[in-house]
1. Any residue in the stretch 320-331 that is within 28 Å of residue 217 (Cβ to Cβ), in the same structural domain as residue 265 (by TED's automatic domain parsing) and touching a strand residue (DSSP E or B) at 6+ places or on another chain (Cβ under 6 Å)?
2. Every residue in the stretch 95-112 that is more than 15 Å from residue 156 (Cβ to Cβ) and modelled with pLDDT of 90 or more, please.
3. What's the total number of residues in the stretch 290-303 that are part of a loop (DSSP other than H, G, I, E, B) and either closer than 16 Å to residue 317 by Cβ or at pLDDT 95 or above (or both)?
4. Which residue is surrounded by the most Cβ atoms within 10 Å (Cβ to Cβ), if the candidates are limited to the stretch 263-289 and must be touching a helix residue (DSSP H, G or I) at 6+ places or on another chain (Cβ under 8 Å) and not in a loop (DSSP other than H, G, I, E, B)?
5. Take the residues in the stretch 52-75 that are in contact (Cβ under 8 Å) with a residue 60 or more places away in the chain and outside any helix (DSSP H, G or I); name whichever of them is nearest to the chain's Cα centre (by Cα).
6. (1) closer than 21 Å to residue 175 by Cβ; (2) in contact with a strand residue (DSSP E or B) (Cβ under 9 Å, 6 or more places away or on another chain): which one isn't true of residue 301, the others all being true?
7. Quick one: residue 144 ticks every box in (1) modelled with pLDDT under 85; (2) in contact with a strand residue (DSSP E or B) (Cβ under 9 Å, 6 or more places away or on another chain); (3) on the phi > 0 side of the Ramachandran plot bar one, so which box is it?
8. Residues being farther than 18 Å from residue 383 by Cβ and out of contact with any strand residue (DSSP E or B) (no Cβ under 6 Å at 6 or more places or on another chain): count how many of those fall in the stretch 42-64.
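The values are calculated or read from the model by the stated rules, or taken from the named source; none is laboratory data. Here the structure is a predicted model, which means the values were calculated and not measured. Please note: Cβ atoms are built from the backbone with ideal geometry, for glycine as well, and neighbour counts cover all protein chains shown.
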């Protein structure tokens, strides 16, 4: 009987240890999920609109990203408890860049506060912090809690050449084409003139905290997209369009067949995997313009959908207009570049002329396709790829 009791005790302790180990393994999986979610959220926050401002405050961007990581981690649970990150500068959230080691060629993380593009999150549930994972058989084993830890790294990269839908996630884009430039030099309502050369006005802003449009400058110039010709003066949004001879934006065929119902869906939901089959599954722009169709005939019917998108970041396409038309209101355009922006205001809804105040923005998406061999000079200043890198 004593021997049998000893065997039962040994088997019981072994079973307890196995069950506690399985419990800790499950907790580690949960902690890894929390760390990855926090790292992705923080890295995505680094793709901040401040990157478009000349007086960008990198410190503010980092602090906002750190706060985002803490908040996202707290939304997760490990063994039923919240995940807490140390938000101090020397704590669990570190910012830097990933570069290749000159000796081994292996990617290494270099911590820096100067334009960071990567975030490392170290999530810990350990006894020393008082948040260790409670064990089932602590009275039997004499160990109250177990230690689990996980590290995740996420990065943004703006060597973007195109987009594809992944894992059921749509590309956050609208079928909106914006006139890039005018080869004749007679138009001042182009992206190049208004945004790149900074001749556009700065009348609006967007509050990331309240998620609302403000009627005050925010340091990022806007562009006015106008659906018909206009020679009016006086109205701030009309001034930039005073020399417009034709619309400076089009609805493009991004797999929607220029069918109004499909265009409305894409405005609200983005480009899905089926849409992109038109481009072989990936919409790529690598320096050589891609011929696409566009029309301005649908603009008035899509006003209500554009209104619903006010404030939302979306990817759009810049185009050149070679002046080719098939006579039915459909033009042959040349897609040249991807940009990102948000609609801040719409005027003229329900009338013949629609004016959309469009502001460039910076956004990160996991649907972006990157080409690391692309030079930094060709990197996209508006769109970043977001991914786990460790």
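1. Initially, the stretch 320-331 is screened for residues within 28 Å of residue 217 (Cβ to Cβ), giving none.
Taking every residue of the stretch 320-331 in turn, none turns out to be within 28 Å of residue 217 (Cβ to Cβ), in the same structural domain as residue 265 (by TED's automatic domain parsing) and touching a strand residue (DSSP E or B) at 6+ places or on another chain (Cβ under 6 Å).
2. Passing the criteria: 110, 111.
3. First, the residues of the stretch 290-303 that are part of a loop (DSSP other than H, G, I, E, B): 296-298.
Filter once more, keeping what is either closer than 16 Å to residue 317 by Cβ or at pLDDT 95 or above (or both): 296, 298.
Within the stretch 290-303, residues that are part of a loop (DSSP other than H, G, I, E, B) and either closer than 16 Å to residue 317 by Cβ or at pLDDT 95 or above (or both) number 2.
4. Applying the filter and picking the extreme gives 283.
5. Checked the stretch 52-75; the qualifying residue nearest to the chain's Cα centre (by Cα) is 53.
6. (2)
7. It fails just one condition, (3).
8. 8
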